[in-house]
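Every number in this text was worked out from the coordinates using simple rules, so none of it is lab data. All of these numbers come straight from a predicted model, not from anything done at the bench. All Cβ positions, glycine included, derive from the backbone under ideal geometry; neighbour counts span all protein chains shown.
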Amino acid sequence: MTGVWVTIGSLAFGTAVLKLAGPLALGGRPLSARALNVVELLASALLAALVVVETFGKGRSLTLDARVLGVAFAAVLLARRAPMIVVVVGAAAVTAIARLLS
């Protein structure tokens with residue numbers, strides 16, 4: 001159990017150091033427009049990567065199962081600008097039906 005707490009403490013310390021490094025490195029100067037554009041895109045890119053890894057990955061292999069159908073259905077609904085509740089419920093329903101049939 002101690003190893004877990006050492007890991008948690010190390011990660012918390014590392015996070016604090018990284019948060020402090022930004023202001024120290026910039027010294028009160030604002031970010032350039034190009035750097036600001038990159039920072040704005042990072043959250044979306046990380047979320048997209050997480051969705052892809054959790055949907056298609058299983059350990060170190062590629063898995064195509066019912067989740068793929070749910071995500072594809074959600075993508076179609078989002079492209080058609082459907083309300084978010086319809087997207088979530090529809091994707092869950094498609095995934096459940098695919099699991100039921102397989």
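Subtracting the Cα-Cα distance from 0.36 nm times the residue separation, let me have the gained length for ALA48 to THR15 in nm, one decimal.
Stretched out fully, the ALA48 to THR15 stretch lengthens by 9.7 nm.
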If a/c stays under 1.5 just call it rounded; otherwise compare a/b with b/c (prolate if a/b is bigger, oblate if not). Do that for the chain, with a ≥ b ≥ c from the square roots of the Cα gyration tensor eigenvalues. oblate
Mean Cβ neighbour count within 10 Å, used as a protection proxy, ranking 80-91, 44-55 highest first: 80-91, 44-55
Can you tell me which of ALA33, ALA92, ALA16 moves the most in a GNM of the chain? Springs connect C-alpha atoms under 10 Å apart. ALA16
Most mobile of LEU26, LEU78, LEU11 in a GNM of the chain (Cα contacts under 10 Å): LEU11
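How much length would be gained if the chain were fully extended between ALA75 and LEU41, taking 0.36 nm per residue of separation minus their Cα-Cα distance, in nm to one decimal?
Working it through step by step, the gained length comes to 10.3 nm.
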